[in-house]
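Single-structure report; data block below.
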Amino acid sequence: MTTTHSSVDLTLRDISAGTTTGSSCSTELLDAPWDVDARDPGYGPGASMADPIPAAAPRQGEIPQEYRDASAEELDRRIRAAKAELGDRAVVLGHFYQRDEVIQYADHVGDSFQLATAATARTEAEAIIFCGVHFMAETADLLSGPDQAVILPNLAAGCSMADMADIDQVEECWEQLMEVYGGETPGVDGRMPVIPVTYMNSSADIKGFVGRHGGIVCTSSNASTVLEWAFERGQRVLFFPDQHLGRNTAKAMGISLDEMPMWNPGRPLGGNDEQTLHDAKVVLWHGFCSVHKRFTTAQIDTARAEHPGVRVIVHPECPMPVVDAADESGSTDYIRRAIEGAAEPTTFAIGTEINLVQRLAAQHPQHTIFCLDPVVCPCSTMYRIHPGYLAWALESLLDGEVINRISVGEDVAEPARAALERMLAAKPAPDSAAPASSVTPGPGSAPASSTAAER
Ligand code: 13P
Ligand code: SF4
């Protein structure tokens, strides 16, 4: 595929018009997101389109016609005007995987944890507009002040992986494990039978569950530090929702695959026998990211054959054989820093979401950077956010109305914060996320009057 710009939306339009080579995973990616909102419940076109969505997943109602009808130029003018008028009252956060058409307005761009902590530093902001997905907005709500409203511009922007760990299934799993392990009583070595660990990509309910049971949250950049923390306190770990991050991290720590049984919710003992659960070091929840599941070892073989010397970096949400075949694996911020740190012109094949890969390629023209997956297939739910929703959220604030507020109830928030605080207190690993202060200032943090060239 030949791309000359970083925008995935423009690339998809070029593919559809036949002005660039390549293919996408769905022709519906070019449909207006409000048309997608109106369809049957689902994650929408993109990598998660075949994943079943829980009945209770939030849906986005119709947004006012004026935002659906507005041209890109009109939305641009209105967003910039609203941001200028709101000033410090509102902060716009953009996740690395967000489309460029939205990232251009972000005051901060970063990974999920950097953005949540960036929000806490903006105490003067009444509203935090999180252009990411639902669990990220919940985390920002947990970490921000009680008077700050966190807004998710499109409520349908969930995360198919986070939705794979449902609180009722997790409670049921815990009950069964407690029967097998004889309850939450420390063994002779003082360690608990099992410590629950949840990836940041999980609902606040799950973080609350983890917090109530002496567990901890991890990110893709501190998962091994967090697992070490957990093994100091427990004989085993129950890890959710991402089996791949759990398996890749535990394997790198020397844990063998037969000590990592999978827990399939809905099956008695998760589909295991009691002995397997007793012998387990890490019980892996059967969750996965449909974006990262697309990467294969065959793609890596092709990249190596076509680009001798290529440096292959993949996200640890990729399946284990892909991580094993890559040169390196790391979080979104690790990938960004690896590219920024390369002194010589280098060819990089990247296994993560396409919006980030194309943006990095555009920002680093001295390098050749491409996505391992030749098919353009963005994260379905990140893609549900479009400038129309951002304009609606900002102009509603000017009218004194907070739309799409994401608010975590205090009964869940208190233990969820405890689980996050345990993570913050755990000793950082060498590949830890950059400190919050180094979150990348977004293009939207430049004065509204500056030109693109000045930024
Ligand atoms: P980060 O934690 O690196 O932001 O990743 C979030 C995510 O959704 C990865 O798929
Ligand atoms: Fe969720 Fe995967 Fe999208 Fe990340 S890339 S938000 S894990 S579906």
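The values are calculated or read from the model by the stated rules, or taken from the named source; none is laboratory data. Please read these numbers as outputs of a predicted model, since none were measured by experiment. Glycine also receives a Cβ, built like all others from the backbone with ideal geometry; neighbour counts cover every protein chain displayed. The protein model used for the area step is the full one, side chains on, heavy atoms only, and it has no ligands, DNA or RNA in it. Shrake-Rupley method; radii C 1.70, N 1.55, O 1.52, S 1.80 Å.
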### Query
What accessible area per residue, rounded to a whole number of Å², is obtained for the range 163-285 using a probe radius of 1.4 Å?
37
### Query
Mind checking the angle between helix 387-398 and the chain's longest principal axis? C-alpha axes, 0 to 90 degrees, to the nearest 10.
90
#### Entry: Apportionment of accessible area to carbon and sulfur, the chain, percent (1.4 Å)
51
### Query
In debye, nearest 20: dipole of the chain around its Cα centre with unit charges on the Cβ of K, R (+) and D, E (-)?
900
### Task
Run the 1.4 Å probe and let me know the accessible area of Met262, rounded to the nearest 10 Å².
50
### Task
Give me the percent of Cα-Cα pairs in the range 291-376 that sit more than 20 Å apart, rounded to a whole number.
22
#### Entry: Table column - 3J(HN,Hα) (Hz), the range 351-361, Karplus curve with 6.51, -1.76, 1.60, x for Gly and Pro
x, 7, 4, 5, 4, 5, 5, 5, 5, 4, 4
### Query
Which distance in nm do the two modelled labels at Asp399 and Arg68 give, with both placed 7 Å along the Cα-to-Cβ direction?
1.6
### Summary
From the Cα centre of the range 210-259 to that of the range 1-67, the distance in Å is 34
### Task
With unit charges on the beta carbon (Lys/Arg positive, Asp/Glu negative), name the residue among Gly46, Ala280, Thr352 whose Cα is farthest towards the positive pole of the charge dipole of the chain.
Thr352
### Principal-axis tilt of helix 223-233 within the chain, Cα atoms, nearest 10 degrees
30
### Summary
Between the modelled labels at Ala121 and Met253 (7 Å from Cα along Cα→Cβ) the distance in nm is 2.9
### Summary
Any residue on another chain or 5+ positions along whose placed amide H is under 5 Å from the amide H of Ala149 is listed here as Ala127, Ile128
### Over the chain, relative contact order from alpha-carbon pairs under 8 Å, at least 6 apart, %
25
### Query
Kirkwood Rh over Cα pairs of the range 232-330 into Stokes-Einstein at 10 °C, 1.306 mPa s: D in µm²/s?
109
### Label-point separation, Met320 to Leu30 (7 Å along Cα→Cβ), nm
4.2
### Summary
Low-density loop GluC sites (Glu not before Pro), the range 166-218, at most 16 other Cβ within 10 Å, DSSP non-H/G/I/E/B, are Glu184
### Task
Using the 2.2 N^0.38 Å rule of thumb for compact globular proteins, work out how the range 163-285 stacks up: its C-alpha Rg over that value, please.
0.94
#### Entry: Contact order normalised by residue count of the range 96-153, Cα under 8 Å, 6+ apart, percent
34
### Task
Evaluate the Kirkwood expression for the hydrodynamic radius of the chain, namely the inverse of the mean inverse distance over all pairs of different C-alpha atoms, and round to one decimal in Å.
22.5
#### Entry: Two-site FRET efficiency, Asp76 against Asp40, from Cβ-Cβ distance with R₀ of 22 Å, rounded to 0.05
0.10
### Summary
So the angle from the long Cα axis of helix 297-306 to the longest Cα principal axis of the chain, reported in degrees to the nearest 10, equals 50
### Query
Can you give the translational diffusion coefficient of the range 1-124 in µm²/s, computed by Stokes-Einstein from the Kirkwood radius over Cα pairs at 37 °C and 0.692 mPa s?
192
